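Chemist: Please read through the structure below; I'll follow up with questions.
The values are calculated or read from the model by the stated rules, or taken from the named source; none is laboratory data. Fair warning: this is a prediction, and the values are worked out from it, not measured in the lab. Cβ: placed from backbone, ideal geometry, glycine included. Neighbour counts: every protein chain shown. Protein only, heavy atoms only, side chains kept; ligands, DNA and RNA dropped before computing areas. Shrake-Rupley method; radii C 1.70, N 1.55, O 1.52, S 1.80 Å.
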Amino acid sequence: MEMLERLNQCIDYIEKNLDGVIDPDELSSISLYSHHHFQKMFSVISGCPLAEYIRKRRLTVAAQELMVTDAKVIDVALKYGYETPESFSKAFRKLQGVPPSKIRTASVRAYPKLGFKLQIMGVNEMNYRMVKKEAFEVAGIGRRMSTQNGENLRDIPKLWEQVNRDGIDREICRAANADSIMGVCLHEDRTKVSSVLNIRRLR
């Protein structure tokens, strides 16, 4: 719990200094980790390298500032750590798809502030038993995902959101003549996992 609190304190420190200097030694002091270990831990937990997170947050608030104020691009570029308007414009265009001068009439791609919280699972008792079944056919969709850096923990929920949003769950149930849908993860090797939806016998 203390580690999560310190991570959130590091995020708060970063947010307060997006338009200034983010001192690696200060992050180490807050987190109680060396800067190297803090960077590694941050990347593993968030799925995003620390430098990339800071860059995206700076460009996000810079875009918001350009949209709602009359600030000049050169002033915003210097404010958020870019030495020249050209380097700022290049990074801005790469993230937003448009140059800074066009952001007021474009859709903004925002990267919100991170927050860390603890989710405890497995508190409730669960009864189970092993059952050996004969081979059977299934209907569903599959995705190959990576377990590196917890990518599967983010990608599998996104897959379920798509299935529920687009009505794919109902299509699968109709195809399988089933009234419910399930998910199964099959480990192919240490770094890949296949997520298969609707494991149901075809009738």
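Chemist: Just give me the residues in region 88-108 being assigned to a loop (DSSP other than H, G, I, E, B) and in contact (Cβ under 8 Å) with a residue 24 or more places away in the chain, in sequence order.
Modeler: Within region 88-108, just VAL108 meets the criteria.
Chemist: Does ASP166 meet the test of being modelled with pLDDT of 75 or more and in contact with a strand residue (DSSP E or B) (Cβ under 7 Å, 6 or more places away or on another chain)? Give the steps one after another, and end with the answer.
Modeler: Details: modelled with pLDDT of 75 or more: yes; in contact with a strand residue (DSSP E or B) (Cβ under 7 Å, 6 or more places away or on another chain): no.
No; evaluated as a whole, the condition is false for this residue.
Chemist: Are there any pairs, at least 6 apart or on different chains, whose C-beta atoms fall under 7 Å, with the first in region 1-27 and more than 24 Å from GLU65 (Cα to Cα) and the second of a type outside the set (Asp, Glu) and open to solvent by 80 Å² or more (accessible area, probe 1.4 Å), and if so, which?
Modeler: That search, which allows pairs on different chains as well, returns MET1/LEU118; LEU4/LYS117; LEU4/LEU118; ARG6/LEU32.
Chemist: Return the residues of region 34-47 that are open to solvent by 40 Å² or more (accessible area, probe 1.4 Å) and assigned to a helix (DSSP H, G or I); say none if nothing qualifies. Even if it seems obvious, please write down each step before you answer.
Modeler: We begin by selecting, within region 34-47, every residue open to solvent by 40 Å² or more (accessible area, probe 1.4 Å); these are 34-37, 39-40, 44-45.
Of everything in region 34-47, those that are open to solvent by 40 Å² or more (accessible area, probe 1.4 Å) and assigned to a helix (DSSP H, G or I) turn out to be HIS35, HIS36, HIS37, GLN39, LYS40, VAL44, ILE45.
Chemist: Looking at (1) out of contact with any Cys (no Cβ under 6 Å at 6 or more places or on another chain); (2) without any contact (Cβ under 8 Å) to a residue 60 or more places away in the chain, find the lone condition where LYS79 falls short.
Modeler: (2)
Chemist: Restrict the check to region 16-24 and report whether at least one residue is surrounded by 15 or more Cβ atoms within 10 Å (Cβ to Cβ) and under 29 Å from LEU153 (Cβ atoms).
Modeler: Yes, that holds for at least one residue.
Chemist: Going through LEU50, LEU114 one at a time, which residue ends up being in contact (Cβ under 8 Å) with a residue 60 or more places away in the chain and either exposed (fewer than 13 other Cβ atoms within 10 Å of the Cβ) or within 16 Å of the chain's Cα centre (by Cα) (or both)?
Modeler: Values: LEU50 fails: in contact (Cβ under 8 Å) with a residue 60 or more places away in the chain.
That would be LEU114, the only listed residue that is in contact (Cβ under 8 Å) with a residue 60 or more places away in the chain and either exposed (fewer than 13 other Cβ atoms within 10 Å of the Cβ) or within 16 Å of the chain's Cα centre (by Cα) (or both).
Chemist: So, one more: Give region 152-171 a look and list any residue that's touching a helix residue (DSSP H, G or I) at 6+ places or on another chain (Cβ under 8 Å) and under 25 Å from PHE136 (Cα atoms), or say none.
Modeler: The first filter runs over region 152-171 and keeps only residues touching a helix residue (DSSP H, G or I) at 6+ places or on another chain (Cβ under 8 Å), leaving 162-163, 168-169.
Across region 152-171, the qualifying residues are VAL163, ILE168, ASP169.
Chemist: Can you pull out every residue in region 169-195 that is among the β-branched types (Val, Ile, Thr), open to solvent by less than 30 Å² (accessible area, probe 1.4 Å) and modelled with pLDDT under 75?
Modeler: We begin by selecting, within region 169-195, every residue among the β-branched types (Val, Ile, Thr); these are 172, 181, 184, 191, 193.
Of the ones still in play, those that are also open to solvent by less than 30 Å² (accessible area, probe 1.4 Å) are 172, 193.
Residue satisfying the conditions is VAL193 alone.
Chemist: Within region 51-87, which residues are among the hydrophobic types (A, V, I, L, M, F, W, C) and either part of a loop (DSSP other than H, G, I, E, B) or under 21 Å from LYS113 (Cβ atoms) (or both)? Let's see the steps before the verdict.
Modeler: From region 51-87, those among the hydrophobic types (A, V, I, L, M, F, W, C) are 51, 54, 59, 61-63, 66-68, 71, 73-74, 76-78; that's our starting set.
Within region 51-87, ALA51, ILE54, LEU59, VAL61, ALA62, ALA63, LEU66, MET67, VAL68, ALA71, VAL76 qualify.
Chemist: If you don't mind, there's one more thing I want to ask. Just to check your reading of the model, which residue among ILE30, ILE74 is open to solvent by 60 Å² or more (accessible area, probe 1.4 Å), touching a Phe, Trp or Tyr at 6+ places or on another chain (Cβ under 9 Å) and not aromatic (Phe, Trp, Tyr)?
Modeler: Exactly one residue qualifies, and that residue is ILE74.
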